[in-house]
Amino acid sequence: KKSIQIAIDGPASAGKSTVAKILAKKRGFIYCDTGAMYRALTLAALENKVDLDSEKELSELLSRIVIDFKQKNDGQHVYLNQKDVTNEIRVNEVTNAVSKVSAYKTIREEMVNRQQEITSSNSIVMDGRDIGTVVLPNADLKMFLVASVEERAERRYKENLSKGIKTDFEILKKEIADRDHYDSNRKNSPLVQAQDAILVDTSGLTIQEVVQEIEKEMKTFL
Ligand code: C5P
């Protein structure tokens, strides 16, 4: 049986990973969070005091680290050289440095290689910024999820609150907008909607509604 590839791209906090996880679980597909891979490298760089201005040092660091995913009862965990970094990669220091790290050409080439390896022979839902354009150009389905900055900041704000973290809404909004700007304007595979991707504005939609929208599209080839 042919393996299926679903690519989900879009700006920060548009709900990509939430819907990707639900879809993967429902269909028994693998889920690959490519943002987590860039975050893991960024965490390693901060921990090892690697100069974020040095593409060469970052590349060397990447060649020495293994990033993998394991499915656990409470969801997918991310490992950096066997250490569980699932929560650590979400801290602010990492979030605010990751766009810089992910902009380097050699870093992206290596990450794309690793992502394509995960894909071979497995049905997969993969989310990120360049999945439909670069990583899986022949994906069976490409979705591009967007939402207003206001709405995305609000979701993030509530998510933080539920974890007991109180954040400044305006700062959150600025951080999201800045990251989008950086990711969309970098030279190497910037965040852009693939020509054959289906655009969904998730502003005002529930998670279930977004999942339904994607499943509707899946019916056309499954
Ligand atoms: O998806 P997430 O917000 O965790 O991604 C973190 C960062 O990693 C993005 O802001 C972007 O800089 C980078 N990224 C990327 N390409 C991907 C996934 C993430 O450049 N495919």
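A few remarks follow.
- Report note on the peptides 9-18, 146-155: ranked by the mean count of other C-beta atoms within 10 Å, highest first, their order is 9-18, 146-155.
- From the alpha carbon centroid of region 132-199 to that of region 1-48 is 12 Å.
- Calculated from the alpha-carbon coordinates, region 1-71 shows an Rg and a Dmax of 15.3, 46 Å respectively.
- Using a probe radius of 1.4 angstrom, the carbon and sulfur fraction of the accessible surface of the chain is 51%.
- Restricting region 47-100 to trypsin sites (Lys or Arg not before Pro) in coil, as DSSP defines it, with at most 13 other Cβ within 10 Å: Lys49
- Label zone (Lys158, point 7 Å along Cα-to-C-beta; backbone nitrogen cut-off 20 Å) within region 19-56: 19-23.
- Reported value for the chain: 125 Å³ per residue, from the convex hull of its C-alpha atoms.
- Considering only alpha-carbon pairs that sit under 8 angstrom and 6 or more positions apart, the relative contact order computed for the chain is 32 percent.
- Solvent-accessible area of His181 with every protein chain in place, 1.4 Å probe, in Å² to the nearest 10: 120
- Of all DSSP-defined beta bridges confined to the chain, some 30% are antiparallel rather than parallel.
- For region 4-115, the relative contact order is 24 percent, taking Cα pairs closer than 8 Å that sit 6 or more residues apart in sequence and dividing their mean separation by the residue count.
- Accessible area per residue for region 1-151 is 45 Å², calculated with a 1.4 Å probe on protein heavy atoms, without ligands, DNA or RNA.
- Heavy atoms of Thr220: accessible area, 1.4 Å probe, square angstrom to 10: 110
- Within the full protein context, the accessible area of Glu117 is estimated at about 140 Å² for a probe radius of 1.4 Å.
- The chymotrypsin sites (Phe, Trp or Tyr not before Pro) of region 152-222 meeting both criteria, a DSSP state outside H, G, I, E and B (loop) and at most 13 other C-beta atoms within 10 angstrom of the site's C-beta, are Phe221.
- Two-decimal Rg/Rh across region 171-222, once Rg and the Kirkwood Rh are taken from alpha-carbon atoms: 1.08
- Set Lys56/Lys83; Lys49/Lys100; Lys166/Lys216; Lys166/Lys187; Lys158/Lys219 screened for pairs whose C-alpha atoms are more than 26 Å apart: Lys166/Lys216; Lys166/Lys187; Lys158/Lys219
The values are calculated or read from the model by the stated rules, or taken from the named source; none is laboratory data. Just so we're clear, the structure is a prediction, and the values are computed from it rather than from any experiment. Note: ideal-geometry Cβ built from the backbone for every residue, glycine included; neighbour counts use all protein chains shown. Areas reflect the complete protein model, heavy atoms only, side chains present, ligands, DNA and RNA absent. Shrake-Rupley method; radii C 1.70, N 1.55, O 1.52, S 1.80 Å.
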